[in-house]
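For reference, the structure discussed in these notes is given below.
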Amino acid sequence: MKIKKIFLAGAISAATFAAAQFRQTPLPYAYNALEGSVDAQTMEIHYTKHAAAYVANLNKAIAGTPLEKESLEKILSHISKESPAVRNNAGGHYNHELFWTVLTPEKNTQPSPGLAKAINDSFGSLDALKEKLSKAGADRFGSGWAWLVVTADKKLAVTSTANQDNPLMDIAEVKGTPIFGIDVWEHAYYLKYQNKRADYLAALWNVTNWKEISRRYGETIK
Ligand SMILES: [Fe+2]
């Protein structure tokens, strides 16, 4: 009986510990699946080293704090009150988890009719939106992200953030729910493109997952 009690206490504490940890979701395709746009070595290092470090450091930064019980989105919403370690790593984890899903080896995915209409209404055309997003990525000085977001009034907007910040953070200039994000850190492209960030940005349109972006748009405007 005594043994059983000890076992149960251990099981509960292990479960509680596990629930408080953020984790990477498995990459939804092989490291080489986006070859031509993103090379396998970059993808592997990006996922297994850079992104893995953000989540490990996030878990370390929130260990033993009330943040362990919060969702990632909730933490981002009051990030101005948190340490640089939480800001950088919570952002880094959120941003990369989104990034993997908005890329795909599937060819010629298209925006849903609803998203296509919203894109036309806001930007004039899909090509105009692509140009605006690529420019946001190219103009970001240093490291950061370019975003397509749905704002609080359900409109689409293009924005850019520095480092691992994102539009869900209370410190963001343009706030909204990201439905597409482009990583413009050098670690995302330097092995294949070196200093040619514009070439990387252009190539990403061949592997953009408009199905997933449309799904996120639908969820956000509900
Ligand atoms: Fe990255």
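This table checks each residue for (1) assigned to a loop (DSSP other than H, G, I, E, B); (2) within 16 Å of the ligand (Cβ to nearest atom).
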| position | (1), (2) |
| --- | --- |
| Ser160 | no, yes |
| Leu168 | yes, no |
| Ile171 | yes, no |
| Gly181 | no, yes |
| His187 | no, yes |
| Lys192 | no, yes |
| Asn195 | yes, no |
| Asp199 | no, no |
| Lys211 | no, no |
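Name the residues in the stretch 50-74 that are open to solvent by less than 40 Å² (accessible area, probe 1.4 Å) and over 18 Å from the mean Cα position of the chain (by Cα), would you? Ala61, Ile62, Leu67, listed by residue number.
So which residues in the stretch 23-49 are within 14 Å of the ligand (Cβ to nearest atom), open to solvent by less than 60 Å² (accessible area, probe 1.4 Å) and closer than 17 Å to Trp185 by Cα, if there are any at all? Correct list: Val38, Thr42, Met43, His46, Tyr47, Thr48.
Please determine whether any residue of the stretch 50-71 is within 12 Å of the ligand (Cβ to nearest atom) and more than 24 Å from Ile213 (Cβ to Cβ). Checking the stretch 50-71: at least one residue is within 12 Å of the ligand (Cβ to nearest atom) and more than 24 Å from Ile213 (Cβ to Cβ). Note on the stretch 102-119: among residues that are closer than 10 Å to Trp210 by Cα and either of a type in the set (Val, Ile, Thr) or within 16 Å of the ligand (Cβ to nearest atom) (or both), the one that is surrounded by the most Cβ atoms within 10 Å (Cβ to Cβ) is Leu103. Taking the criterion of being under 16 Å from the mean Cα position of the chain (by Cα) and open to solvent by 30 Å² or more (accessible area, probe 1.4 Å), the only residue of the stretch 123-157 that qualifies is Ser143.
The values are calculated or read from the model by the stated rules, or taken from the named source; none is laboratory data. It should be emphasised that the depicted structure is a prediction, and the values quoted were computed from it without experimental measurement. Note that each Cβ is placed from the backbone with ideal geometry, even for glycine, and that neighbours are counted across all protein chains shown. Areas reflect the complete protein model, heavy atoms only, side chains present, ligands, DNA and RNA absent. Shrake-Rupley method; radii C 1.70, N 1.55, O 1.52, S 1.80 Å.
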